[in-house]
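The values are calculated or read from the model by the stated rules, or taken from the named source; none is laboratory data. Model, not experiment: these values are computed from the prediction. Neighbour counts are summed over all protein chains in view; Cβ atoms, including those assigned to glycine, are modelled from backbone coordinates with ideal geometry.
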Amino acid sequence: MRVTLAGPAARAQDGSFVGTKRLRRLREHEDEKEVGGAEYETRLRRVFESLHPRPAWAEPLPPASGPSSSLSQLLSRAGSLVARPTGRKPRTLPATELDVQRARDANMVAQQEGEAASVECMDWHPSARVRILMTASRDRTVRLFEIDGNSNPLLQSLHVPSLPLTYAAFHPSGSSVLLAGPRPYLYAYDLQSGRALRSTPWRGLSNDGNTAERDLSMARFQPLGAESGRLLAIGGRRGAIHLLDWGSGQGGAGAGAGAALVGSLRLNAPLVGLEWDQTASAAGRRLLSLSKEGSVHVWDTRAMRCAVERRDAGLFGAHGLAQSPSGAHWAVGSDSGTVNVYDALTASEVQDNKPWASVKELGNLVTRTTTLSWNHDGQMLAVASRNKKDALKLVHAPSLRVFANWPTAGTPLGHVTDVRFSGASEYAAVANSRGRVLLYSLRHYVQ
């Protein structure tokens, strides 16, 4: 096959001279009239790549260096990535005043670079030996910071243009990250290799469009246990809860693209809260769910049935569920901002269809509860609403009273989007819609 580049024979199929200028540009010298088919393809490819450079993700990964290498070295030095109990008796948190000291913003490095998109969610690395804070922002970028209270260097950043990030969490092993948002797929990012795998889009059954999911943001990993992180619970539409076999393997990162559906559970009302039971007796096999009507269900994931169902008749417009680390209390938010705290131990003693009331109503918020976060020993509960400026309160859990001395009227909170306590509660990270992650040292927990 020969292709004419110039001269009277260089015409289109209809006999016109349309496109002949482009053919002449493929010549390497003026006397060249025609080329072979293989050479013609090579030159076309060369022109295309000059106009559309090869994207960075198509290039081979360079040798580890810079922030990514720093992250790998930090994780390798951490030894075991799973926090183990120390056996030390926790110190009692005073109920009167909270000793708080302001530290440098956790994401100050990103702010100095002009990256100030709203921080949608955060998570701390599960290792007890490193302090790595992950942030997911509205600019679709995940950032990892090493928190030292002073410089808080940026270790790594990952831009995910196809996913509006609304949820990001470390796998319980600490070796990978789960990313989710209002899309029918998930991303699993391996921290050591730097590889990001996307799951198969959740299209549902071909004969049932109602099984398709469009938002996988409500995702929760199975907690520490014999099969830590193997199951992933995902809240779906119409009260559905899907259980995926994420795989244990190397932290579950390699299983993300082909996670198999184990089974599905279903409520009779929209799902607004989802938590794994973290108590030792549950062994990672009990799942808690909250419906819009205010019903709390305790599911046995082995038998795939509801073991306990409780409903507070006085709870309206429920929104958000969080269980204390000891499993003693359940905190339930609402559209009105009221947070109800329940004694979980009495739930099994209350017969079905019998009244079940909260032990405390916290009415400090007046707009929808968007954040419920317990600290590591369950002595403190953070409640917040992103719909009102400075709407954050810290609750002393043993007395169920709000700390009066912090935050103050001068604390620059803004619209709080998320609150997370570090592994041993030395730090409290407060994210807001202005792209800042305020960092506070909790002196009671600093050794």
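Any residue that is at pLDDT 95 or above and under 15 Å from LEU290 (Cα atoms) - is there at least one of those in the stretch 372-382? Yes: one or more hits. Considering SER291, SER326, SER295, the condition of being within 22 Å of the chain's Cα centre (by Cα) and under 30 Å from VAL366 (Cβ atoms) is satisfied by SER291 alone. Within the stretch 111-164, the set of residues being touching a residue at least 40 places away in the same chain (Cβ under 8 Å) and among the small types (Gly, Ala, Ser) comprises ALA116, ALA117, SER118, SER127, ALA128, ALA136, SER137, GLY149, SER151, SER157. All conditions in (1) under 18 Å from ASN375 (Cα atoms); (2) touching a strand residue (DSSP E or B) at 6+ places or on another chain (Cβ under 6 Å); (3) buried (at least 19 other Cβ atoms within 10 Å of the Cβ); (4) modelled with pLDDT of 95 or more hold for PRO126, with the sole exception of (4). Hey, could you check the stretch 381-403 for residues that are in contact (Cβ under 8 Å) with a residue 60 or more places away in the chain and assigned to a loop (DSSP other than H, G, I, E, B) and say which is nearest to the chain's Cα centre (by Cα)? Looking at residues that are in contact (Cβ under 8 Å) with a residue 60 or more places away in the chain and assigned to a loop (DSSP other than H, G, I, E, B), I get ALA397. Is at least one residue of the stretch 315-335 free of Cβ contacts under 8 Å to residues at least 24 places away in the same chain, of a type in the set (A, V, I, L, M, F, W, C) and either in a strand (DSSP E or B) or in the same structural domain as LEU438 (by TED's automatic domain parsing) (or both)? Looking for residues that are free of Cβ contacts under 8 Å to residues at least 24 places away in the same chain, of a type in the set (A, V, I, L, M, F, W, C) and either in a strand (DSSP E or B) or in the same structural domain as LEU438 (by TED's automatic domain parsing) (or both), one finds at least one in the stretch 315-335, hence yes. Within the stretch 383-405, the set of residues being crowded, with 17+ Cβ neighbours inside 10 Å and either farther than 21 Å from ASP335 by Cα or not assigned by TED's automatic domain parsing to the domain that holds LEU93 (or both) comprises HIS396, ALA397, PHE403.
The criterion of being in the same structural domain as PRO325 (by TED's automatic domain parsing), modelled with pLDDT under 90, part of a loop (DSSP other than H, G, I, E, B) and in contact with a strand residue (DSSP E or B) (Cβ under 6 Å, 6 or more places away or on another chain) holds for GLY229. Whenever a residue of the stretch 298-312 is among the basic types (Lys, Arg), its partners that are part of a loop (DSSP other than H, G, I, E, B) and modelled with pLDDT of 90 or more, lying with C-beta atoms within less than 9 angstrom and at least six residues away or across chains, give the pairs ARG311/GLU293; ARG311/GLY294. Checked against (1) in a strand (DSSP E or B); (2) crowded, with 16+ Cβ neighbours inside 10 Å, GLY378 meets all criteria but (1).
Quick check: anything in the stretch 98-117 modelled with pLDDT of 95 or more, in a loop (DSSP other than H, G, I, E, B) and under 15 Å from the mean Cα position of the chain (by Cα)? No, every residue in the stretch 98-117 fails to be modelled with pLDDT of 95 or more, in a loop (DSSP other than H, G, I, E, B) and under 15 Å from the mean Cα position of the chain (by Cα).
The residues of the stretch 186-210 that are among the small types (Gly, Ala, Ser) and at pLDDT below 85, listed by number, are GLY204, SER206, GLY209. In the stretch 132-141, is there at least one residue being at pLDDT below 95 and not acidic (Asp, Glu)? Within the stretch 132-141, not a single residue is at pLDDT below 95 and not acidic (Asp, Glu).
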